[in-house]
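Below you'll find the structure, written out as structure tokens, and then a few comments.
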Amino acid sequence: MKILVINGPNLNLLGEREPGIYGNNSLENINAGLKKLAEDNGAQIEFYQSNHEGAIIDKLHDSRTDTDCVIINAGAYTHYSYAIRDAISAIKIPVIEVHLSNIHAREKFRENSVISAVCKGTIAGFGEYSYTLALQYALTLKK
Ligand code: DQA
């Protein structure tokens, strides 16, 4: 069972970036907690972060042969990247959309996600626990 966690633009700055919205924890620490949960449950987990749309698309394509589930926080690309949406719908594995913040309770432009309709489901608003909740679901897919 292999799970891939993809973080998009600006999420490398978690902990420093607008902590009132995104929390004080770094991406590295969040990932360490997810790694422990995955490994305690006998799953392999890989982490990938990029600030570049094409690199995220390449990673999604690469995942299609060796990954059972993808968890993605596409950052601001969530709201306008039809290319990431198409990459998600091109691969057959389940993709879970996550957001630290509640994107429906913020600026108008964040309300719409162009990737939601091609994802298995969306978890938003629970801070770093949005990733944990997504991982708990992913682990239920274990073969
Ligand atoms: C985010 C929400 C997006 O609107 C924003 O652009 C981000 C982070 C979140 O995790 O809450 O970069 O995806």
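Excluding GLY75 itself, what net charge comes from residues whose Cβ is under 11 Å from its Cβ, given Lys and Arg +1 and Asp and Glu -1?
Details: positive: ARG17, ARG110; negative: GLU53.
Result for the local shell: +1.
Net charge near ASN25, counting Lys/Arg +1 and Asp/Glu -1 over other residues with Cβ under 15 Å of its Cβ? Could you put the intermediate results ahead of the total?
Values: positive: ARG17, LYS35, LYS36; negative: GLU16, GLU18, GLU28, GLU128.
Surrounding charge for ASN25 is -1.
Which residues among the stretch 1-37 fall inside the zone where the amide N is under 14 Å from a point 7 Å beyond the Cα of PHE126, along Cα→Cβ?
Once the point is set 7 Å along Cα→Cβ of PHE126, 34 turn out to lie under 14 Å by backbone N, inside the stretch 1-37.
Explain nothing, just the number: dipole magnitude of the chain about its Cα centre with +1 on each Lys and Arg Cβ and -1 on each Asp and Glu Cβ, in debye rounded to the nearest 20. All intermediate terms of the calculation are to be shown ahead of the outcome.
Working: 14 positive and 16 negative charges, 73 e Å.
Roughly 340 debye, rounded to the nearest 20.
What distance in nm separates the two pseudo spin-label positions at GLU39 and ASN24, each 7 Å out from Cα along the beta-carbon direction?
So the two model labels end up 2.6 nm from each other.
Using the Cβ atoms and a cut-off under 13 Å, what net charge is assigned to the surroundings of GLU46, where Lys and Arg are +1 and Asp and Glu are -1? Don't jump to the answer; show the numbers that get you there.
Numbers: positive: LYS2, LYS35, LYS59; negative: GLU39, ASP62, ASP66, ASP68.
Counting the neighbours of GLU46, the net charge comes to -1.
What whole-number distance in Å separates the alpha-carbon centres of the stretch 52-92 and the stretch 33-47?
20 Å
For TYR22, TYR82, TYR137, TYR77, what's the fewest-to-most ordering of other Cβ within 10 Å of each Cβ?
TYR82, TYR137, TYR22, TYR77
Say the dipole of the chain comes from +1 at the beta carbon of Lys and Arg and -1 at that of Asp and Glu; which of ASN41, LEU141, ASN7 then lies farthest toward its positive end?
Final value for the positive-end residue is LEU141.
Convex hull volume of the Cα atoms in the stretch 97-143, per residue, in Å³? Spell out each step's value before the answer.
Details: hull volume 2.7 nm³, N = 47.
So the per-residue Cα hull volume is 57 Å³.
The chain: percent of C-alpha pairs farther apart than 25 Å? Mind showing how you got there, number by number?
On the way: 1931 of 10153 pairs.
When all Cα pairs of the chain are counted, 19 percent exceed 25 Å.
Would you mind ranking LEU11, LEU4, LEU37 by Cβ crowding within 10 Å, fewest neighbours first? Present the calculation step by step, with values, prior to reporting the outcome.
Details: LEU11 20, LEU4 23, LEU37 15.
Placing the least packed residue first, the sequence is LEU37, LEU11, LEU4.
Please rank PHE109, PHE47, fewest neighbouring Cβ atoms within 10 Å first, as an exposure proxy. Each step should come with its number before you reach the end.
Values: PHE109 10, PHE47 17.
Least crowded to most crowded, the residues run PHE109, PHE47.
Bear in mind these aren't lab numbers, they're just calculated from the coordinates by the rules spelled out. Note that this is a predicted model, so its numbers are computed, not measured. Quick reminder, even Gly has a Cβ in these numbers, built from the backbone with ideal geometry, and neighbours come from all protein chains shown.
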